[in-house]
Amino acid sequence: MNKNIVLIGFMGSGKTSVGKRLSMNLKREFIDMDDFIEKREGMTVTEIFEKKGEAAFREMERELCQRFALPKGKIIATGGGVIKSKENVENLKKGGVIIYLSSTPKKIAYNLRYDTTRPLLAGDNKEEKIARLMAEREGLYKSCADITIDVSELNLEGTLKEIYKALDL
Ligand code: S3P
């Protein structure tokens, strides 16, 4: 399968960890979009949001998604907001199969309990912020996914198994 494997889902749903393991096991190149942008800009995502604004970050995501319109067998972990742009979704779909790692606000809040790197969740009432943003985005995640995996009760190994099963690998 030369299609890219594209992981989408909310912050803290495990896209990066799953992507790294898929890359190792399937011997395919791994690209984490946030990481790629941070390295290129020499700034963290939080710094980009602070200094250049969210719109500038979204433009960086958009440019990167254009490159992923070609099927090159890569494993791609997207940022949680990538699906807000129809153009991004179209490009990612052209080049790959889209896997949505679906989870609950409770589990995500738990996963991110010590996290300070997500500007959209900064401050108090993290679980509430997650629930609000999730309600806005859930329909989008579901509608653009080729495969949806509920990871709320799964560990990394369990998630990988479900992915292999769904992809017939
Ligand atoms: C965002 C998710 C983050 C990062 C940025 C915005 C979002 O990526 O791109 O903080 O809008 O959901 P992760 O999903 O990898 O945390």
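The values are calculated or read from the model by the stated rules, or taken from the named source; none is laboratory data. Just so you know, these numbers come straight off a predicted model, no measurement behind them. Please note: Cβ atoms are built from the backbone with ideal geometry, for glycine as well, and neighbour counts cover all protein chains shown. For the accessible areas, the whole protein counts, side chains as well, though only heavy atoms, and no ligand, DNA or RNA atoms are used. Shrake-Rupley method; radii C 1.70, N 1.55, O 1.52, S 1.80 Å.
Suppose we filter Lys39, Lys15 for residues that are modelled with pLDDT of 95 or more and away from the ligand (no atom under 13 Å from the Cβ); which single one remains? Working first, answer last.
Numbers: Lys15 fails: away from the ligand (no atom under 13 Å from the Cβ).
Of Lys39, Lys15, the one residue that is modelled with pLDDT of 95 or more and away from the ligand (no atom under 13 Å from the Cβ) is Lys39.
When Tyr114 is evaluated against the numbered criteria (1) open to solvent by 10 Å² or more (accessible area, probe 1.4 Å); (2) of a type in the set (Ser, Thr, Tyr); (3) within 16 Å of the chain's Cα centre (by Cα), which criterion, by number, is the only one it fails?
Here Tyr114 clears every test but (3).
Per-residue answers, yes or no, for (1) of a type in the set (Lys, Arg); (2) free of Cβ contacts under 8 Å to residues at least 60 places away in the same chain; (3) open to solvent by 60 Å² or more (accessible area, probe 1.4 Å):
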residue: Ile98; (1), (2), (3): no, no, no
residue: Ser103; (1), (2), (3): no, no, no
residue: Asp124; (1), (2), (3): no, yes, yes
residue: Glu127; (1), (2), (3): no, yes, yes
residue: Glu136; (1), (2), (3): no, yes, yes
residue: Lys142; (1), (2), (3): yes, yes, yes
residue: Ile147; (1), (2), (3): no, yes, no
residue: Lys161; (1), (2), (3): yes, yes, yes
residue: Ala166; (1), (2), (3): no, no, no
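Please go through region 82-96 and pick out each residue that is open to solvent by less than 10 Å² (accessible area, probe 1.4 Å) and within 13 Å of the ligand (Cβ to nearest atom).
Residues of region 82-96 open to solvent by less than 10 Å² (accessible area, probe 1.4 Å): 82-83, 88, 92, 95-96.
Correct list: Val82, Ile83, Asn88.
Among the residues of region 1-53, what is the count of those that are among the small types (Gly, Ala, Ser) and either crowded, with 19+ Cβ neighbours inside 10 Å or under 18 Å from Leu92 (Cβ atoms) (or both)?
So in region 1-53, the residues among the small types (Gly, Ala, Ser) come out as 9, 12-14, 17, 19, 23, 42, 53.
Pick out the ones that are also either crowded, with 19+ Cβ neighbours inside 10 Å or under 18 Å from Leu92 (Cβ atoms) (or both) and you get 9, 12-14, 19, 23.
Matching residues across region 1-53 total 6.
Residue by residue, here is whether (1) among the hydrophobic types (A, V, I, L, M, F, W, C); (2) at pLDDT 95 or above; (3) assigned to a strand (DSSP E or B); (4) touching a helix residue (DSSP H, G or I) at 6+ places or on another chain (Cβ under 9 Å) holds:
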{"residue": "Glu47", "(1), (2), (3), (4)": "no, yes, no, yes"}
{"residue": "Glu59", "(1), (2), (3), (4)": "no, yes, no, no"}
{"residue": "Leu64", "(1), (2), (3), (4)": "yes, yes, no, yes"}
{"residue": "Pro71", "(1), (2), (3), (4)": "no, yes, no, yes"}
{"residue": "Leu120", "(1), (2), (3), (4)": "yes, yes, no, yes"}
{"residue": "Ile130", "(1), (2), (3), (4)": "yes, yes, no, yes"}
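Looking at region 121-168 only, could you name the residues that are touching a Phe, Trp or Tyr at 6+ places or on another chain (Cβ under 8 Å) and within 13 Å of the ligand (Cβ to nearest atom)?
Scanning region 121-168 gives Ile130, Leu133, Met134, Arg137, Tyr141.
With (1) among the aromatic types (Phe, Trp, Tyr); (2) more than 15 Å from Val18 (Cβ to Cβ); (3) open to solvent by 20 Å² or more (accessible area, probe 1.4 Å) as the list, and Phe68 as the residue in question, which single condition is left unmet?
Exception for Phe68: condition (3).
Tell me which residues, restricted to region 18-36, are within 13 Å of the ligand (Cβ to nearest atom) and in a helix (DSSP H, G or I).
Val18, Gly19, Lys20, Met33, Asp34, Asp35, Phe36 - these are the residues of region 18-36 that are within 13 Å of the ligand (Cβ to nearest atom) and in a helix (DSSP H, G or I).
Name, by its number, the condition in (1) near the ligand (Cβ under 9 Å from one of its atoms); (2) within 21 Å of Cys144 (Cα to Cα); (3) of a type outside the set (Asp, Glu) that does not hold for Thr46.
Condition (2) is where Thr46 drops out.
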